[in-house]
Amino acid sequence: MLLSELTKLLTSTNKVYRVSIKEWRESRSLSQNALFHVWVGKLSEYLISKGRCKADKKFSKDLLKHTFLGYEDSEMVNALTGEISIASLLKKTSDLDVGEMTHFMDKCYSWCLGIGLMLPIPENSEYNQLINQQNQ
């Protein structure tokens, strides 16, 4: 019933809409976010110590997001001309659910191990608990 009402509403205008329905999941947790930011700081320190670049935290975060999350298209409006264009923007970790954030962090952790950087995983962290649940 709700879907048929939505369909009527969407077809009654001359506009095109994009509608997506996604299973509800909790957003990435503050605990995951805090640990990820610790990792970003450690990665920055590591890259600087290896002389690879002047890697501040923003650079390191964007490096990981570029490599393991990718981009999404976003409609942008030019404030002066009103022109609408599509820009590819890095995906935001705040848009990830708990499972997606765990998967993203797994990829980051593995990559860092591969370059010789051991990241901390506190025993009582939510990330550690989720990894232990996956491994059972």
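Just so it is clear, none of the values below were taken in a lab; they were calculated from the coordinates. Remember, it's a predicted structure, so these values are computed and weren't measured experimentally. For neighbour counting, all protein chains shown are included, and Cβ atoms are generated from backbone atoms with ideal geometry for every residue, glycine included.
In table form, for the structure just shown:
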| quantity | calculated |
| --- | --- |
| Once the Cα gyration tensor of segment 52-136 is diagonalised, semi-axes √(5λ) in Å | 32, 17, 10 |
| Sequence-separation-based contact order of the chain, relative, with Cα cut under 8 Å and 6+ spacing, percent | 26 percent |
| Within segment 11-136: Cβ-based charge dipole about Cα centre, in debye rounded to nearest 20 (Lys, Arg +1; Asp, Glu -1) | 360 debye |
| For the chain, calculated [θ]222 nm from helices alone, where every DSSP H run of n ≥ 4 adds -39500 (n - 2.57) | -16000 deg cm²/dmol |
| Mean separation of Cα contacts under 8 Å, 6 or more apart, over the residue count of segment 64-118: relative contact order % | 32 percent |
| Dipole axis of the chain (+1 Lys, Arg; -1 Asp, Glu on Cβ), positive-most option in Ala34, Leu96, Ser4 | Ala34 |
| 13 Å beta-carbon shell around Lys57, net charge (K/R +1, D/E -1) | +2 |
| Spatially proximal lysines relative to Lys92 (Cα-Cα < 27 Å; intrachain offsets below 8 disregarded) | Lys22, Lys42, Lys54, Lys57, Lys58, Lys61, Lys65, Lys107 |
